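Structure record follows, encoded as structure tokens.
Every number here is computed from the coordinates shown, using simple stated rules; none is lab data. What you see is a predicted model; the values in this text were computed from it and never measured. We place every Cβ from the backbone using ideal geometry, glycine too, and count neighbours over all the protein chains shown.
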């Protein structure tokens, strides 16, 4: 058995050029959305505060994107998509007239207690952006016909039944 103990690892020619083994996490970034968001768009729209930018150190790296979002829709067609730059990634396969998303939002109807329920949708996706340029990942959402809310219940009344939550998006660069 051998043990290597060091205080600092420095590249032979430049400190920033130490290549770590595959699977090592090179950097981690995260953002937390504590405010709310509402829309009634039937087309995908950016969910404010659910965007993060990472600049990979190596073009061979993979980026693990993890998100958890509290989303409640007024109708059953609520969905979320993960986007890199302007490209949709992590989409379901098309199937007839079914809507295609990365994740499906929780549906709440107008009756109590459902109107005070919330839905947490979490997802992980391992991307291969193949770049060392700044890369932006974001969440977008849409509905079939009504609206959706992020970080709050459908009924947002000032009483003990209505609730608020937080949503997060985290990215990790993983050496390959």
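Report the calculated FRET efficiency for residue 25 and residue 87 (r = Cβ-Cβ distance, R0 = 41 Å), to the nearest 0.05. If you can, show how the numbers build up before the last one.
Numbers: r = 24 Å, r/R0 = 0.59.
The value I calculate is 0.95.
What value does the range 32-110 have for Rg/Rh, both radii from Cα atoms and Rh as Kirkwood defines it? Spell out each step's value before the answer.
Details: Rg = 14.5 Å, Rh = 14.6 Å.
That ratio is 0.99, to two decimals.
Which value, in nm² and rounded to one decimal, describes the direction-averaged projected area of the C-alpha convex hull of the chain?
On the way: hull surface 58.2 nm².
Computed as one quarter of the Cα hull surface, the answer is 14.6 nm².
Would you please give the FRET efficiency between residue 57 and residue 125, computed as 1/(1 + (r/R0)^6) with r the Cβ-Cβ distance and R0 = 30 Å, to the nearest 0.05? Could the numbers behind the result be given before it?
Working: r = 20 Å, r/R0 = 0.66.
That gives a FRET efficiency of 0.90.
Full extension of the chain between residue 144 and residue 164 yields a length gain of 4.8 nm, computed as 0.36 nm times the residue separation minus the alpha carbon distance. Taking 0.36 nm per residue of sequence separation and removing the Cα-Cα distance, the residue 68/residue 35 pair yields an extension gain of 10.4 nm. Stretching residue 46 away from residue 176 to a fully extended chain increases their span by 43.7 nm, per 0.36 nm per residue minus the current alpha-carbon distance.
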